[in-house]
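Participant: Below is a structure I'd like to ask you about.
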Amino acid sequence: MNPPFPGPEKAEEEANRAFTGDGITGCDSWREKFWLLWRRWPEQAARHDPRLAFLPADTRIPDHSIWNHNSVVSALETTRVGKELRPAMLMFQAGPVQSFISEARSTRDLWSRMYPGEKAKGEASARRLTAPTIPNRFLAVVSQAEAADIAKASEAAFRAELKQIADACWDKFAFRASEAGHTLSSDARKRYDRQIELWPQIAWQVLPWGDPELALKTWRTMRPDAKGIETLEKIGELGKGTPWFDEASSKQGLHWPAYAALCDYALAARRNTRDFATYETDPHQEGCPKDPITGREEIIGSEALWASFREKADPVFGKENPGLGALSIVKRLWCRTETGFLTQRLGLNDQTLMKAVGVEDTQTIAERNENKKNPYIAILALDGDEMGKWMGGDKTPGLKSLLSKEALAFYGDRINGLQRPLSPGY
């Protein structure tokens, strides 16, 4: 294990030395260069010296890194109006998630998710960029004045990207249909587009940071059993006796869990209204066979087309009976090299993409069993038990286990039994 840095000055010097232009060649603008440098600085710093990945942001509570701190501070600074910070929380969620996962028939289907849109450099970078790691839900700190516009822009970007994926898949689906001796009609395209348009369920909620005491009071009213409420009240009292205590700024930062909880409750209420468009795609949908995977969408194209796919043993659609709807078609095609979407979008060649997204079928996995007479596999499903309590701060560790020696000596027994309050870093 490497020894600690001799001091903060040396650590800062090494972190700045890692802030280079590596990986931004070919960028079209200074805005893009800045974005990539900022996003990749932690990774480059860790590659330069592994210790830099764990630099604490706060020597008194060293349980989060300087990179967490930088992220939050930069977000808050964009909310400044004069000398005052006016932040808001924006919680955004796109779905449906559970049905999207459960409606998977192949490992390739399960791989399908959203993905980051950065430029790749090298095979290792390509694997990271094509890994399905982008969540369907995010929490952002934004300016109060711009929060609604940012939410609307996020929704528009989601729908626009989905349409680009769907358009690329349609072109390849139409080509496969022509190879099977069929021409897709304009009505089939309208049905396809409408099914894609109807699929996403997007909701967002904005909560301006206001009076922290009012936020705490409202939180107590909505969920009186929340453990984080008592923690905030006790730590707020302890803070008043701490040197260099700034009551105004400390309250705003300390009440992060109250703001986050209220924003989450408001989003849940919005989603529970469950407003939705009537599922009408075209005048011919009545009586049309349904996609057996989803049980919702009508098949795209005629039954004769899908019979031809089966007769010709089409490698993608040859086993589908009676056929597939738009979303299932997209899952089959969007990450294939022949579609060209991912290779063009991420600047990857076919070989690199296949290494990144190549998945084995269950039969191939079973055939590798040491006991050839036992062609079985096991599928293990994991669920985050009580994930809401973890994310809500009910299960944060004890404060005593996290503080520095100096902070422990200052507070003594006054922090017995207190949990670490929820924070962006945690």
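Participant: Could you check region 41-89 and list, in sequence order, the residues that are among the basic types (K, R) and open to solvent by less than 40 Å² (accessible area, probe 1.4 Å)?
Facilitator: none
Participant: Something else: Look at L139 and say whether it is open to solvent by 30 Å² or more (accessible area, probe 1.4 Å) and modelled with pLDDT of 95 or more.
Facilitator: no
Participant: Got a sec? Which helices (runs of 4 or more DSSP H) wholly within region 221-319 have at least 1 residues that are touching a residue at least 24 places away in the same chain (Cβ under 8 Å) and in contact with a Lys or Arg (Cβ under 8 Å, 6 or more places away or on another chain)?
Facilitator: 227-239, 256-272, 303-311
Participant: Right, another one. Output the residue which, of all residues in region 315-343 that are aliphatic (A, V, I, L, M) and modelled with pLDDT of 85 or more, is nearest to P292 (Cα to Cα).
Facilitator: L324
Participant: Another one. Can you confirm whether T337 is within 29 Å of K395 (Cβ to Cβ), assigned to a loop (DSSP other than H, G, I, E, B) and either of a type outside the set (D, E) or open to solvent by 60 Å² or more (accessible area, probe 1.4 Å) (or both)?
Facilitator: Judged against the criteria, T337 is not a match.
Participant: Further question on the same structure: Report yes if some residue within region 412-419 is free of Cβ contacts under 8 Å to residues at least 40 places away in the same chain and either charged (D, E, K, R) or closer than 30 Å to M89 by Cβ (or both); otherwise report no.
Facilitator: yes
Participant: Right, another one. If I ask for residues that are modelled with pLDDT of 85 or more, open to solvent by less than 70 Å² (accessible area, probe 1.4 Å) and either touching a strand residue (DSSP E or B) at 6+ places or on another chain (Cβ under 8 Å) or part of a helix (DSSP H, G or I) (or both), which ones from region 387-423 would you list?
Facilitator: T396, P397, G398, L399, A407, L408, Y411, G412, I415, L418, Q419, R420
Participant: Residue by residue through region 351-370, note down the ones that are open to solvent by 60 Å² or more (accessible area, probe 1.4 Å) and outside any loop (DSSP other than H, G, I, E, B).
Facilitator: Answer for region 351-370, where residues must be open to solvent by 60 Å² or more (accessible area, probe 1.4 Å) and outside any loop (DSSP other than H, G, I, E, B): Q351, M354, K355, T362, Q363, I365, E367.
Participant: On to the next question. Within 20 Å of W38 (Cα to Cα), under 16 Å from the mean Cα position of the chain (by Cα), of a type in the set (K, R) and modelled with pLDDT under 95 - does that describe any residue in region 96-116?
Facilitator: Scanning region 96-116 turns up no residue that is within 20 Å of W38 (Cα to Cα), under 16 Å from the mean Cα position of the chain (by Cα), of a type in the set (K, R) and modelled with pLDDT under 95.
Participant: When you look at W38, is it among the aromatic types (F, W, Y) and at pLDDT 90 or above, yes or no?
Facilitator: Criteria not met by W38.
Participant: Can I ask one more? Name every residue in region 137-152 that is out of contact with any strand residue (DSSP E or B) (no Cβ under 6 Å at 6 or more places or on another chain) and of a type in the set (D, E, K, R), in order of residue number.
Facilitator: Scanning region 137-152 gives E146, D149, K152.
Participant: Are any residues in region 183-208 open to solvent by 60 Å² or more (accessible area, probe 1.4 Å) and in contact with a Ser or Thr (Cβ under 6 Å, 6 or more places away or on another chain), and if so, which ones?
Facilitator: R194
Participant: All but one of (1) more than 28 Å from S102 (Cβ to Cβ); (2) part of a loop (DSSP other than H, G, I, E, B); (3) over 24 Å from the mean Cα position of the chain (by Cα); (4) of a type outside the set (S, T, Y) hold for L348; which doesn't?
Facilitator: So L348 meets the others, but not (3).
The values are calculated or read from the model by the stated rules, or taken from the named source; none is laboratory data. None of the values given here were measured: they were computed from a predicted structure. Heads up, the Cβs are rebuilt from the backbone with ideal geometry, glycines too, and the neighbour counts pull from every protein chain shown. The area values use the complete protein model at the heavy-atom level, side chains included, leaving out ligands, DNA and RNA. Shrake-Rupley method; radii C 1.70, N 1.55, O 1.52, S 1.80 Å.
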